[in-house]
Amino acid sequence: MSKVVTFNRTGGPEVLEVIDVDVPAPAANEVQIRVQAIGLNRAEIMYRNGEYVIEPVFPARLGYEAAGVVDAVGADVVGFMPGDKVSVIPSFTFTQYGMYGEVVNAPVHAVVKHPENLSFAEAAASWMMYVTAYGALVEYGNLQAGQNVVIRAASSSVGLAAIQIANMLGAKPIALTRTSEKRDMLLKAGAVAVIATAEQDMVAEITCVSSGEGAHIVFDPVGGPDVAKLIQVMAPQGMFFQYGALDSRDMVIPVFDILGKHLTVRGYELFEITTDADKLVRAKAFVSEGLRSGKLKPVIDKTFPLDDIAEAQRYMEANGQVGKIVVTVQSAV
């Protein structure tokens with residue numbers, strides 16, 4: 001028997017239940033993992049609320065990220081064996097798999113051996129945020145040393161991952177945050193400058209800290225009217241990546257900036273990388289090397305036990321965390 005988290009109706013954290021189930025043996029091309037830690041993600045809250053890109057199928061499961069030890073492998077699985085320490089990369093839907101549990105099955109393409117220098121909590125906190133940032137900044141953005149990258153909502157787990165990747169490449173991460181409350185933390189995290197958008201003139205500050213060059217890449221999970229200001233301070237041939245909609249109001253994009261500076265403005269999501277075999281191989285290699293070298297190091301804000309999964313999601317919904325929220329699975333070996 002294994003504890004797993006499920007829900008039978010959409011709603012708040014109170015709909016989550018921790019129940020005991022018999023986990024089947026792994027099918028062909030599946031790996032069974034005894035979970036040690038689970039990384040929480042905003043998408044899981046949206047799915048629980050019925051606000052995600054797919055509708056829940058009840059009884060519904062949750063969870064994109066986990067780290068643990070291989071218990072068993074299914075037919076046709078190569079490269080993994082019982083006892084391997086592994087992590088799971090989000091590259092499936094919640095109607096197929098869910099990682100919130102003590103023992104879970106995962107598709108082999110989503111499983112990766114994580115570097116030995118990581119704890120299970122760090123491993124569970126790594127893949128969603130680093131692959132998300134990698135895809136925009138490296139795979140598509142081709143970020144180069146010396147370039148300026150403006151990172152909105154910079155204290156989020158993905159924002160912090162983007163700061164680390166920019167520094168790893170020798171680029172200049174400019175962090176945007178609503179107030180100055182998190183300024184010192186973001187500077188310590190590696191930002192070359194921090195701009196409090198509710199307190200400072202964003203256009204003037206970005207222009208100043210970029211020495212007039214502007215932003216070569218903007219990495220934005222917010223959207224909304226302020227996008228116009230960000231477009232205004234982009235460098236020629238710059239790329240704007242919209243990877244979320246925390247502000248769901250329409251974006252106003254200055255057409256003459258787009259035309260005059262030959263800008264690229266595009267929507268972007270993690271699954272562009274994790275559902276493409278070649279791109280996923282490159283992402284695994286880049287992130288693994290960064291983690292192994294210590295140039296990428298996940299920031300964990302707080303941990304909760306599995307039985308407190310509802311409280312962990314409430315904490316995420318309060319939007320006060322800096323870095324990743326991790327759920328630990330105490331009974332795992």
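Over the chain, give the accessible area per residue in Å² for a 1.4 Å probe, as an integer.
Accessible area per residue: 41 Å².
Where Rh is the Kirkwood radius over the Cα pairs of region 14-149, the temperature 10 °C and the viscosity 1.306 mPa s, what D in µm²/s does Stokes-Einstein return?
100 µm²/s
Given the chain, what percent of its DSSP beta bridges are antiparallel, to the nearest 5? All intermediate terms of the calculation are to be shown ahead of the outcome.
Working: 30 of 55 bridges.
Of the beta bridges lying entirely in the chain, close to 55 percent run antiparallel.
Heavy atoms only, 1.4 Å probe, whole protein assembly: order H109, H114, H216 by accessible area, highest first.
Numbers: H109 85, H114 15, H216 35 Å².
The most accessible residue leads, giving H109, H216, H114.
Span-like helices, the chain: DSSP H, alpha-carbon axial extent 18 Å or more, mean Kyte-Doolittle -0.5 or greater, which ones?
Working: long enough: 277-293 (24 Å, -0.09).
Answer set is 277-293.
Please report the accessible area of V57 (heavy atoms, 1.4 Å probe, ligands and nucleic acids excluded) in Å², nearest 10.
Around 90 Å² of this residue is reachable by solvent.
Tell me, what does the Kirkwood hydrodynamic radius of the chain come to in angstroms if you use every pair of distinct C-alpha atoms?
Details: mean 1/r = 0.0491 Å⁻¹.
After inverting the mean inverse Cα-Cα distance, the result is 20.4 Å.
Compute the Rg to Rh ratio over region 118-235 from the alpha carbon atoms, using the Kirkwood formula for Rh, and round to two decimal places. Walk me through the intermediate numbers first.
Working: Rg = 13.5 Å, Rh = 14.2 Å.
Taking Rg over the Kirkwood Rh, I get 0.96.
Rounded to the nearest 0.05, what FRET efficiency do V57 and H109 have when you use their Cβ-Cβ distance and R0 = 22 Å? Can you show the working numbers first?
On the way: r = 22 Å, r/R0 = 0.99.
Computed FRET efficiency for V57 and H109: 0.50.
Taking 0.36 nm per intervening residue step and subtracting the Cα-Cα distance, what contour gain separates V281 from Q237 on full extension?
13.1 nm
How big is the dipole moment of region 1-132 about its Cα centre under a simple scheme where the beta carbon of each Lys and Arg is +1, that of each Asp and Glu is -1, and everything else is neutral? Debye, nearest 20, please. Don't jump to the answer; show the numbers that get you there.
Details: 8 positive and 15 negative charges, 29 e Å.
My answer is approximately 140 debye.
In debye, nearest 20, what is the charge dipole magnitude of region 70-185 about its Cα centre with +1 on Lys and Arg Cβ and -1 on Asp and Glu Cβ, if you could check?
Numbers: 7 positive and 9 negative charges, 121 e Å.
In debye, rounded to 20, region 70-185 gives about 580.
Accessible area of M1, 1.4 Å probe, to the nearest 10 Å²?
Counting only protein heavy atoms, M1 exposes about 150 Å² to solvent.
Whole percent per 5 Å bin, from 0 to the bin with the longest distance: what is P(r) over all C-alpha pairs of region 73-154?
Values per bin, smallest distances first: 3, 11, 19, 21, 17, 14, 8, 5, 3, 0.
With every protein chain present, what accessible area does F94 have (1.4 Å probe, heavy atoms only), rounded to the nearest 10 Å²?
The accessible area of F94 comes to roughly 10 Å².
Mark the label point 7 Å from the Cα of E272 along Cα→Cβ and return the residues of region 241-264 whose backbone N is within less than 17 Å of it.
Under cut-off, by backbone N: 241-246, 263-264.
Nearest 20 debye, what's the magnitude of the dipole of the chain about its Cα centre given +1 on Lys and Arg Cβ and -1 on Asp and Glu Cβ? List each step's numbers first, then the result.
Working: 27 positive and 37 negative charges, 152 e Å.
Computed about the Cα centre, the dipole is about 740 debye.
Within the chain, what whole-number % of the accessible surface is contributed by carbon and sulfur, with the 1.4 Å probe and all protein chains included in the calculation? Numbers along the way, then the final one.
Details: 7150 of 13760 Å².
Carbon plus sulfur share of accessible area: 52 percent.
Hey, if we sort T264, T95 by accessible area with the 1.4 Å probe, largest down, what's the order? Walk me through the intermediate numbers first.
Working: T264 55, T95 75 Å².
From most exposed to least exposed: T95, T264.
Rounded to the nearest angstrom and ordered from largest down, what semi-axes does the equivalent ellipsoid of region 75-120 get from its C-alpha gyration tensor (root of 5λ)?
Working: eigenvalues 66, 40, 21 Å².
Listed largest to smallest, the semi-axes of region 75-120 are 18, 14, 10 Å.
List the relative contact order of region 1-115 as a percent without decimals, with contacts defined as Cα pairs under 8 Å and 6+ residues apart.
Values: 272 pairs, mean separation 36.8, N = 115.
Contact order relative to length: 32 percent.
Let me check something: with ligands and nucleic acids excluded, how do M185, M234 order by accessible area (1.4 Å probe), largest to smallest?
Details: M185 60, M234 5 Å².
Ranked list, largest accessible area first: M185, M234.
The values are calculated or read from the model by the stated rules, or taken from the named source; none is laboratory data. These figures come from a predicted structure and were not determined experimentally. Please note: Cβ atoms are built from the backbone with ideal geometry, for glycine as well, and neighbour counts cover all protein chains shown. Surface areas here come from the heavy atoms of the whole protein model, side chains and all, with no ligands, DNA or RNA. Shrake-Rupley method; radii C 1.70, N 1.55, O 1.52, S 1.80 Å.
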